[in-house]
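J.: Okay, here's the structure, questions in a sec.
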Amino acid sequence: VVMAHDGESTEYLFAKARLFHDTFPLRDLFPTRYSSKRQLALYTNRSQIQVVTASGRATGAGRGRTIHCLHASEFAFWPKPELTWTAVSQTVPETPGSLVVIESTANGVGNLFESMWNEAKDGANDYVPLFFPFHRHPECQPCRGMGCDDGTCETCQEAARGLVARDEAERDLLRLPGMLPSHLAWRRWAIANKTFGSEDLFRQEYCATAEEAFLA
């Protein structure tokens, strides 16, 4: 089950799942038994994937079923996360092979997502905290990731050549693992062209650390 934060995202995520199945090279080995706008069931192993919305009546979504793999999408934006999570988290059995993934953009501080993230970092729950900074994404390079993921292409090297940190904030960024001068060059371009010259807006959309993400 994939549980999305609103109806539009629900349909979008299911379209992704259907695309994965339709383009799977071994698709013929896994014929569909049932397919609708939000559910795909397979003949072969009687498995199914379903996408539901974490809003309205879905605060009790999942009750009465067993979910072996749960993906909570954009968890920080669920309308009533405490109620919904209490309901759906009970449906996943503590057995080998079960899986729970909570995925989200940060949405400020003081909410359930931030609380669960901090607990995961502190080892207070069994979740493994995974943060993906903007500079881990190949498209966040001056060459826009066209086959270059390490800043070594001519376009990235030209953009980074002679680049010097303007202030302490940029110097701190260059100290982060994996942050290259070419990433900093792309950051400057993105602030000017994608976030109206606002560094705060850039941090919101392209955070470099988890702490920055929640504050932004």
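J.: Specify the angular offset, from 0 to 90 degrees and rounded to the nearest 10, of the alpha carbon long axis of helix 181-194 from the longest principal axis of the alpha carbons in the chain.
T.: 70 degrees
J.: I've got another one for you. Quick one: putting +1 on the C-beta of Lys and Arg, -1 on the C-beta of Asp and Glu, what dipole do you get for the chain around its Cα centre, in Debye to the nearest 20?
T.: Values: 22 positive and 27 negative charges, 187 e Å.
The dipole of the chain has a size of about 900 debye.
J.: I would also like to ask the following. Tell me the GluC sites (Glu not before Pro) within segment 122-169 that lie in a loop according to DSSP and have at most 11 other beta-carbon atoms within 10 Å.
T.: 139
J.: Taking +1 at the Cβ of each Lys and Arg and -1 at the Cβ of each Asp and Glu, which of 52, 39, 79 sits farthest along the dipole of segment 1-112 towards its positive end, judged by Cα position relative to the Cα centre?
T.: The residue sitting farthest along the positive end of the dipole is 39.
J.: Please report, in cubic angstrom per residue, the volume enclosed by the convex hull of the alpha-carbon atoms of the chain.
T.: That works out to 165 Å³ per residue.
J.: Using 0.36 nm per residue, how much length does the chain from residue 128 to residue 91 gain when fully extended, once their Cα-Cα distance is taken away?
T.: That works out to 11.3 nm of additional length.
J.: Using 0.36 nm times the number of residues separating residue 201 and residue 175, minus their current alpha carbon distance, what extension gain do you get?
T.: Contour length minus Cα-Cα distance gives 7.2 nm.
J.: Output the 0 to 90 degree angle, nearest 10, between the alpha-carbon long axis of helix 7-22 and the longest principal axis computed from the alpha carbons of the chain.
T.: 80 degrees
J.: Ignoring any ligand, DNA or RNA, what whole percent of the accessible area of the chain comes from carbon and sulfur when the probe is 1.4 angstrom?
T.: Looking at the chain in its full context, I get 53 percent from C and S.
J.: Right, here's the next one. Under 5 Å between amide hydrogens, which residues at least 5 positions from residue 33 or on another chain qualify, with H placed 1.01 Å from N in the peptide plane?
T.: So residue 33 has HN proximity to 41, 42, 43.
J.: Of 3, 135, 102, which is farthest towards the positive pole of the chain's charge dipole, taken about the Cα centre with +1 and -1 on the beta-carbons of Lys, Arg and Asp, Glu respectively?
T.: It is 3.
J.: For segment 165-216, state which trypsin sites (Lys or Arg not before Pro) are in a DSSP loop and have at most 10 other beta carbons lying within 10 Å of their beta carbon.
T.: Here the trypsin sites (Lys or Arg not before Pro) that fit, given the DSSP loop and packing criteria, are 166, 175.
J.: Angle check, please: helix 112-122 long axis (alpha carbons) against the longest principal axis of the chain (alpha carbons), in degrees 0 to 90, nearest 10.
T.: Between helix and principal axis, roughly 70 degrees.
J.: Nothing charged except the Cβ atoms of Lys and Arg (+1) and of Asp and Glu (-1): what's the magnitude of the dipole of segment 106-156 about its Cα centre? Round to the nearest 20 debye.
T.: I would put it at about 100 debye.
J.: Still on this model: Over segment 27-119, one equal point on each Cα, no solvent: what is log10 I(q)/I(0) by the Debye formula at q = 0.11, 0.15, 0.18, 0.19 Å⁻¹?
T.: The Cα Debye sum returns log10 ratios of -0.38, -0.67, -0.90, -0.98.
J.: Counting chymotrypsin sites (Phe, Trp or Tyr not before Pro) as exposed when in a DSSP loop with at most 16 other beta carbons within 10 Å, what is the longest stretch of the chain free of them?
T.: Longest run free of exposed loop sites: 44-126.
J.: If you put +1 on each Lys and Arg Cβ and -1 on each Asp and Glu Cβ, how big is the dipole of segment 166-216 around its Cα centre, in Debye rounded to 20?
T.: Here the size comes out at about 240 debye.
J.: Now, a different point. Tell me, how many Å apart are the Cα centres for segment 162-216 and for segment 1-39?
T.: 35 Å
J.: For residue 149 and residue 166, calculate 0.36 nm times their separation in residues minus their Cα-Cα distance, and state this gained length in nm to one decimal.
T.: 3.7 nm
The values are calculated or read from the model by the stated rules, or taken from the named source; none is laboratory data. These figures come from a predicted structure and were not determined experimentally. Note that each Cβ is placed from the backbone with ideal geometry, even for glycine, and that neighbours are counted across all protein chains shown. The protein model used for the area step is the full one, side chains on, heavy atoms only, and it has no ligands, DNA or RNA in it. Shrake-Rupley method; radii C 1.70, N 1.55, O 1.52, S 1.80 Å.
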